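**Q** The following block contains the structure, expressed as structure tokens.
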Amino acid sequence: MSPVNISRRKGASQRLDIGGYLPAVLLVVLVGLVVARDPAFLGVASLRSVAVQAAPILLLAVGLTPVILLGGIDLSVAALTSLCSVLLVSWANQAGITGVAGVVALATAAGAVVGVVHSVAQVPSFIVTLGALGLYSGLSLEASDATNTPLAEGSPAISWVNDYFAGIPAGFVFGLIVLAIVGLMVRFLPWGRYLYAMGSAEPAALMSGVPKIRVRAAAFALTGMTSAMAAIVLVGRTSFGSPTLASGLLLPAIAAVVVGGTAISGGVGGVGRTLVGVLTVTVVQIGMVVIGIDPVLQNVIFGAVIIVAVALTIDRAKLSVIK
Amino acid sequence: MTLNDTITPDGEHVPAVRVPHARRMSRLLPGRIDQLAPVIMLVVLTAAFSMLNDQFMTADNWRTIANQAAIPMVLAVGLTFVILTGSIDLSAEGVMASTSICVSLMLANSLNSNDLGLVAVAGGIAIGAVFGLVNGLLYTRLRLPSLIVTLGTWFIGLGIASYVFPDQQPVVRDRSFRSWALGEWFGVSRLVTIAVLVVVAGAVLLRYTRIGRHVYGIGGAEDLMRLAGIRVDTYKTLAFVIAGALAGLAGLMATAQLGVGNANAGADRLFPALSAVVLGGTHLAGGRGGVLQSVLGVLVLVVLGNGMILSGVGPYVQQAVVGAVIIVAVVATGWGARDRLRVVK
Amino acid sequence: MSPLLSIEGLTKRYGRTVALDEVDLEIRPNEVVGLIGQNGAGKSTLLKLLAGVQQPDSGRLVMRGSPIKVRNPAHAAEQGIGMVFQEQSLVPNLTVAENIFLGRPNPGTAGGVYKWRRLNALAREQLEKTGSEISPSALVQRLSFADRQMVELTKVLALEERTDGDLLILFDEPTSVLSAAEIETLFAQIRRLKRRASIVFVSHRMDEVLAISDRIYVMRDGRRVAERDAAACDENELYSLMVGENRAEDYFLDADRKPYDRSATALEVEGLTAEGSFSDVTFSVCPGQIVGVAGVIGSGREALCRALFGALPTAAGRVRLRGEEVTMASPRDGVRLGVGYLPAERKHEGMVAERSISENLVLASTPALTRAGLLSWARESDLVEGWIERLGVKAPSARVKISQLSGGNQQKVVLAKWLALPHLRVLVLDHPTRGLDLKAKTDVYKHVRAAAARGVAIVLLSDTLEELLGLSDEIVVMRDGRVTGHFPDVPDTPPSSEELVKLMV
């Protein structure tokens, strides 16, 4: 049943669109804080470590952004990344670049299936992706027998990740390229238009003939694809695949998207903002070490950061009954 | 203009779409299949596994099943309250972790001289209740989606657990506390008795008290409950407090089983409990289902896991199967409610 | 006799639309007041203000001599005001007994513990007042619509025991889904209630209003236009008061009416049926023709319009577009086949409020604006600028959010979204002028006429008969999901409002 007017909703229509400048200001302030404590933070070595650390989060967050723009969520990205890491190691060891491409294709297909199930069966994305999370972790545990599997020496299909491109870690450059491509897709494809229309007013979008199933399937397929890409970067860095390799990345990735200013309620934001969010999250991670905050508190901080970021960006007027 | 109309924030009038009542009715009428599905699943699984394996239909094995079901049941009862209101609570694993560490340090243990006994037990439940209260207040006061709030507190709970965690794992030395897991009543672990009591209490609360009935009503039509002058936010918060307290209790139960305070006490607990609630037939949209259904859901999952182990299927494949089962179950139960213009995010 | 409730200068605005304009009414003790008016006349708004569902912008309510405020329906109930809602206010997954006493202290739920037997017995007592045999322990969602209406009524009647003073009970179209026998029961209850309550009764059916009311207020355009003693007036007088006589010929731009091509058909509907909404509907629309569909709430005309666009599934019948049979599984199919639909709920289904004018305007025709799969901004901007100019949309630029425009300009953009569709053949207009002021309405009429002149076949639903008669070339009347009347040549032999209303109710 649709909601009835409740007068207190009137005041709730105000929403802070922090997308414009606030996240960038926050990033600069954070960097300033860290630098004040440790001036060497802006040196090449430490910036490189920021870039290395940021690369997998960047890929995951870029893939998550369209899903969140739609107003959905994907809780399975990190588990899929772990699964991909396990598959990557064995397929890259056997088939080199073809194996790597195969993993990316498989993850893309898996994402597409999740998107189709979610939108055709009209089941909330969080529950479908929660199921997928269980499915992926089970499969990766089974495939790896719950152990770390090492990457064969000199797998060029993956080890390029550790090279430098113009002095920047290649994994991070790869993330930036993917970000740019997705940014262009959002801007120049009808799909991008549809993302925003469905995210801000799905009934109106449907009543204008927007192909909702295809739009959703594409968004989730992209999330699958970037999960596999994040796995490439992670495996390149650690030289092994593991069923828990990426389990700590779900929260930073979601945090990166919302801290960048993309509203969890959908329709507001973009991949450009996600870059700012990713850098913020990484600076927080590394900065905590520099400033001397107990790293075990990271989870507490990320949990709080997500709640605060969503509190600031959410469009309450749109969610008449918040569940 | 009708009651169902919406007034947008700037006051313009948006009349409700008139769903023809015949269709609306069919959507609201709970299909019998819905309610019977978990029972059928349970019977089919039991029959199949007893044919596949001689050991399945033995008293010993059912004792094992009961012991395995105890903690998931307690979690599922708590989750049921929240899901019945139409919200979600993902924080259970974090709550369990925090509780486990904190309580093991309050009980007689290997690291300090505390020996608070029952006070520590009450403290553990209180920690969970406070988590629930925080969830409920953040959700209702800040008007944030419960998914996000509890995702945040999930990790906050994990963080607190690792922050409080001392250098060594605290070993619980309180015998009477450990006897909850090690001792037996009626041939099964005492934890099973606790779980049964929780289930009965949950069922009574839902059926015979204002809290329970309002929880249903809020899930059914939150806006109308508000119009009737019911303090919806209070009852929603209460549902979270119940879920939090029960997650705290589950953390205690896990600690009693493990014998140590463990930041991983809750690891991989949320997903099966959530799956059980959904499998049992409690709708994520709220208003339909109940504690007894969730118990059925738990039993389906535990029997499935137990039977697979007896059939030689590894625990990892099990996890994958459960993931697939939940997707199939949610799709199957929601299939009839699909509509051309329905918006599901 | 001093009134039970005086309504003084009550005003309610939605944005720029004035739904209630300084309305004064008086409700005396122990009388039944009938309230009639067309859709949008302000009757329902008035009831909602009285019941506390919404708050007035100005004016005041004086009950039993002292001014009152009604914060919400629960607060209204405390003061002895109860409302029987048209779309019901029952919580579907709770029992009948729970709903009757929802939010009200009672011995069955004392101390927060439900004594079901006690509660059910109390509910049964209440249900007996309506002679209904509904089980108090049944879940509301399993009841028929009529039974639920009875529960709704019972819930309000239960106020009797709660307050000492006289009650005020508001009925918003209570009879529309009831059978004749149930209506008799309802009327008997109303007559019984009169001994200690005053009643406001809103209905489309003049005969009912005349039969049950002591006094009748007529509303039009948010104002109270007449007050009559029920004994001293007849249906015809009420009709003409309701419809008004202020129709100006050129307001509907009759001069712009172009002869349409009668040799071809753009849209043919044959025996179309949608379960629970309408059945066996047959009519056709020629290119350039405007066909109006008249009917009251529950006539199924809104559902028909949605079915023509693919937004509602149909069970039987055919739809042909330019002679070719089509099936539409979704609005997307409708759009692809060249059908546009301007929804009654502009804010909800018509526009994406947070996006620009430009994005809204091209939302339906985006595929036609791409080059090699990419958006062509130059083509888009040409198209958008063209339509903004043609429709006279007042906006600083096409980049501003559509939500920043006035309602009339928003509606123009939504209209342009469909007019910009290159292959538009049929345009379904569901209350296209709802909530617009006079100037904006005339603008919309102009563009609807222009679209027809371009050869677009138009199906029109309207809030007022005036508008329907003024714009349509042909009128189809619906009642209870069936076509009950057909006037093929409105401009030459226009039906009277009275004729239409009789077919509608």
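**Q** Name the residue that is nearest to residue A:275 (Cα to Cα), counting only residues in the range A:235-249 that are assigned to a helix (DSSP H, G or I) and modelled with pLDDT of 90 or more.
**A** Quick first cut of the range A:235-249, residues assigned to a helix (DSSP H, G or I) only: A:235-238, A:247-249.
Keeping just the survivors that are modelled with pLDDT of 90 or more gives A:235-238, A:249.
Numbers: A:235: 22, A:236: 22, A:237: 21, A:238: 23, A:249: 16 Å.
Per the stated criteria, the residue is A:249.
**Q** Which one of A:281, A:296 is open to solvent by less than 10 Å² (accessible area, probe 1.4 Å) and in a helix (DSSP H, G or I)?
**A** A:281
**Q** Among (1) of a type in the set (D, E, K, R); (2) assigned to a helix (DSSP H, G or I); (3) open to solvent by 10 Å² or more (accessible area, probe 1.4 Å), where does residue C:492 come up short?
**A** Just one mismatch for residue C:492, condition (2).
**Q** Okay, next question. Testing residue A:174 on (1) open to solvent by 20 Å² or more (accessible area, probe 1.4 Å); (2) within 14 Å of another protein chain (Cβ to nearest Cβ); (3) out of contact with any Phe, Trp or Tyr (no Cβ under 8 Å at 6 or more places or on another chain), one condition comes back false. Which one is that?
**A** Looking at each condition in turn, residue A:174 falls short on (2).
**Q** Residue under question is residue C:415, and the condition is that it be surrounded by fewer than 20 Cβ atoms within 10 Å (Cβ to Cβ) and under 21 Å from the mean Cα position of the chain (by Cα); does it hold?
**A** no
**Q** If I go through the range B:268-309 residue by residue, how many of them are among the aliphatic types (A, V, I, L, M) and either open to solvent by 50 Å² or more (accessible area, probe 1.4 Å) or free of Cβ contacts under 8 Å to residues at least 24 places away in the same chain (or both)?
**A** Residues of the range B:268-309 among the aliphatic types (A, V, I, L, M): B:270, B:273-274, B:276-279, B:284-285, B:291-292, B:295-296, B:298-304, B:308-309.
From the residues that got through so far, the ones that are either open to solvent by 50 Å² or more (accessible area, probe 1.4 Å) or free of Cβ contacts under 8 Å to residues at least 24 places away in the same chain (or both) too are B:285, B:292, B:308-309.
Of the residues in that region, 4 qualify.
**Q** Working carefully through the options A:273, A:187, A:237, find the one that is open to solvent by 30 Å² or more (accessible area, probe 1.4 Å) and either within 13 Å of the chain's Cα centre (by Cα) or of a type in the set (S, T, N, Q) (or both). Spell out how you get there, then give the answer.
**A** Numbers: A:187 fails: either within 13 Å of the chain's Cα centre (by Cα) or of a type in the set (S, T, N, Q) (or both); A:237 fails: either within 13 Å of the chain's Cα centre (by Cα) or of a type in the set (S, T, N, Q) (or both).
Among A:273, A:187, A:237, only A:273 is open to solvent by 30 Å² or more (accessible area, probe 1.4 Å) and either within 13 Å of the chain's Cα centre (by Cα) or of a type in the set (S, T, N, Q) (or both).
**Q** Among the residues of the range C:89-113, what is the count of those that are open to solvent by less than 20 Å² (accessible area, probe 1.4 Å) and facing another protein chain (nearest Cβ under 8 Å)?
**A** So the count comes out to 10.
**Q** Separate question: Give the residue, chosen from C:315, C:294, C:344, that is under 27 Å from residue C:394 (Cα atoms) and touching a residue at least 40 places away in the same chain (Cβ under 8 Å).
**A** One residue alone meets the criteria, C:344.
**Q** Let me ask you something else. Just checking, does the range B:32-49 include any residue being farther than 18 Å from residue B:299 by Cα, at pLDDT below 95, more than 23 Å from the chain's Cα centre (by Cα) and within 14 Å of chain C (Cβ to nearest Cβ)?
**A** yes
**Q** Can you tell me which residues in the range C:320-341 are in contact (Cβ under 8 Å) with a residue 12 or more places away in the chain and either over 26 Å from the mean Cα position of the chain (by Cα) or part of a loop (DSSP other than H, G, I, E, B) (or both)?
**A** Answer for the range C:320-341, where residues must be in contact (Cβ under 8 Å) with a residue 12 or more places away in the chain and either over 26 Å from the mean Cα position of the chain (by Cα) or part of a loop (DSSP other than H, G, I, E, B) (or both): C:320, C:321, C:322, C:323, C:328, C:329, C:330, C:333, C:337, C:338.
**Q** Could you check the range A:74-97 and list, in sequence order, the residues that are modelled with pLDDT under 95 and open to solvent by 10 Å² or more (accessible area, probe 1.4 Å)?
**A** Within the range A:74-97, A:90, A:91, A:93, A:94, A:95, A:96, A:97 qualify.
**Q** A further question follows. Within the range C:19-129, considering only helices (runs of 4 or more DSSP H) that don't extend past its boundaries, which have at least 3 residues that are touching a Lys or Arg at 6+ places or on another chain (Cβ under 9 Å)? Give the derivation first.
**A** Details: elements: C:43-51, C:73-78, C:96-100, C:116-128.
It comes to C:43-51, C:73-78, C:96-100.
**Q** Name the one entry in A:200, A:159, A:119, A:208 that is in a helix (DSSP H, G or I), over 19 Å from residue A:265 (Cβ atoms) and of a type in the set (Ser, Thr, Tyr).
**A** Sole residue among the options that is in a helix (DSSP H, G or I), over 19 Å from residue A:265 (Cβ atoms) and of a type in the set (Ser, Thr, Tyr): A:159.
**Q** Can you tell me how many residues in the range C:54-77 are in contact (Cβ under 8 Å) with a residue 60 or more places away in the chain and either open to solvent by 20 Å² or more (accessible area, probe 1.4 Å) or away from chain B (no Cβ under 14 Å) (or both)? Lay out the reasoning, then the answer.
**A** The initial filter retains those residues of the range C:54-77 that are in contact (Cβ under 8 Å) with a residue 60 or more places away in the chain, namely C:63-65, C:77.
Pick out the ones that are also either open to solvent by 20 Å² or more (accessible area, probe 1.4 Å) or away from chain B (no Cβ under 14 Å) (or both) and you get C:63-65.
Selection size over the range C:54-77: 3.
**Q** Would you call residue C:154 part of a helix (DSSP H, G or I) and either more than 11 Å from every other protein chain (Cβ to nearest Cβ) or among the hydroxyl-bearing types (Ser, Thr, Tyr) (or both)?
**A** yes
**Q** Does the range C:163-176 contain at least one residue that is hydroxyl-bearing (Ser, Thr, Tyr), open to solvent by less than 10 Å² (accessible area, probe 1.4 Å) and assigned to a loop (DSSP other than H, G, I, E, B)?
**A** yes
**Q** Ok, one more. Name the one entry in A:260, A:248 that is crowded, with 24+ Cβ neighbours inside 10 Å and either within 12 Å of the chain's Cα centre (by Cα) or small (Gly, Ala, Ser) (or both).
**A** A:260
Residues checked against (1) among the hydrophobic types (A, V, I, L, M, F, W, C); (2) over 22 Å from the mean Cα position of the chain (by Cα):
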{"position": "C:21", "(1), (2)": "no, no"}
{"position": "C:34", "(1), (2)": "no, no"}
{"position": "C:49", "(1), (2)": "yes, no"}
{"position": "C:72", "(1), (2)": "no, yes"}
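**Q** Something else now. So which of C:353, C:344 ends up being touching a Ser or Thr at 6+ places or on another chain (Cβ under 8 Å) and either charged (D, E, K, R) or within 9 Å of another protein chain (Cβ to nearest Cβ) (or both)?
**A** Within the list C:353, C:344, the selection yields C:353.
**Q** Run residue C:445 past the list (1) assigned to a helix (DSSP H, G or I); (2) open to solvent by 10 Å² or more (accessible area, probe 1.4 Å); (3) under 22 Å from residue C:294 (Cβ atoms); (4) touching a helix residue (DSSP H, G or I) at 6+ places or on another chain (Cβ under 7 Å) and report the number of the one that doesn't hold.
**A** Looking at each condition in turn, residue C:445 falls short on (2).
**Q** Considering A:108, A:147, which residue is part of a loop (DSSP other than H, G, I, E, B) and hydroxyl-bearing (Ser, Thr, Tyr)?
**A** Going through A:108, A:147 in turn, just one is part of a loop (DSSP other than H, G, I, E, B) and hydroxyl-bearing (Ser, Thr, Tyr): A:147.
**Q** For the range A:149-186, which residues satisfy the criterion of being at pLDDT 95 or above and over 27 Å from residue A:43 (Cα atoms)?
**A** Passing the criteria: A:181, A:182, A:183, A:184, A:185, A:186.
**Q** Which condition does residue B:111 not pass, out of (1) within 14 Å of chain A (Cβ to nearest Cβ); (2) outside any helix (DSSP H, G or I); (3) open to solvent by 20 Å² or more (accessible area, probe 1.4 Å); (4) among the hydrophobic types (A, V, I, L, M, F, W, C), if it passes all the others?
**A** Result: residue B:111 fails condition (1) only.
**Q** If residue B:323 passes every condition in (1) more than 21 Å from residue A:115 (Cβ to Cβ); (2) facing chain A (nearest Cβ under 7 Å); (3) open to solvent by less than 30 Å² (accessible area, probe 1.4 Å) but one, which one does it miss?
**A** (1)
**Q** Only one residue in C:180, C:211 is open to solvent by 10 Å² or more (accessible area, probe 1.4 Å) and at pLDDT below 80. Which one?
**A** C:180
Residue-by-condition table, conditions (1) of a type in the set (Val, Ile, Thr); (2) crowded, with 19+ Cβ neighbours inside 10 Å:
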| residue | (1), (2) |
| --- | --- |
| B:160 | yes, yes |
| B:172 | yes, yes |
| B:183 | no, no |
| B:197 | no, no |
| B:200 | yes, no |
| B:207 | no, no |
| B:210 | no, no |
| B:215 | yes, yes |
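**Q** Now for a different question. Need the failing condition index for residue A:218 against (1) open to solvent by 30 Å² or more (accessible area, probe 1.4 Å); (2) within 23 Å of residue A:66 (Cβ to Cβ); (3) at pLDDT below 90, just the number.
**A** With (1) open to solvent by 30 Å² or more (accessible area, probe 1.4 Å); (2) within 23 Å of residue A:66 (Cβ to Cβ); (3) at pLDDT below 90 applied to residue A:218, the lone miss is (3).
The values are calculated or read from the model by the stated rules, or taken from the named source; none is laboratory data. Given the structure is predicted, the values throughout are model-derived calculations rather than measurements. Note: ideal-geometry Cβ built from the backbone for every residue, glycine included; neighbour counts use all protein chains shown. Ligands, DNA and RNA are excluded from the accessible area calculation, which covers all protein heavy atoms including side chains. Shrake-Rupley method; radii C 1.70, N 1.55, O 1.52, S 1.80 Å.
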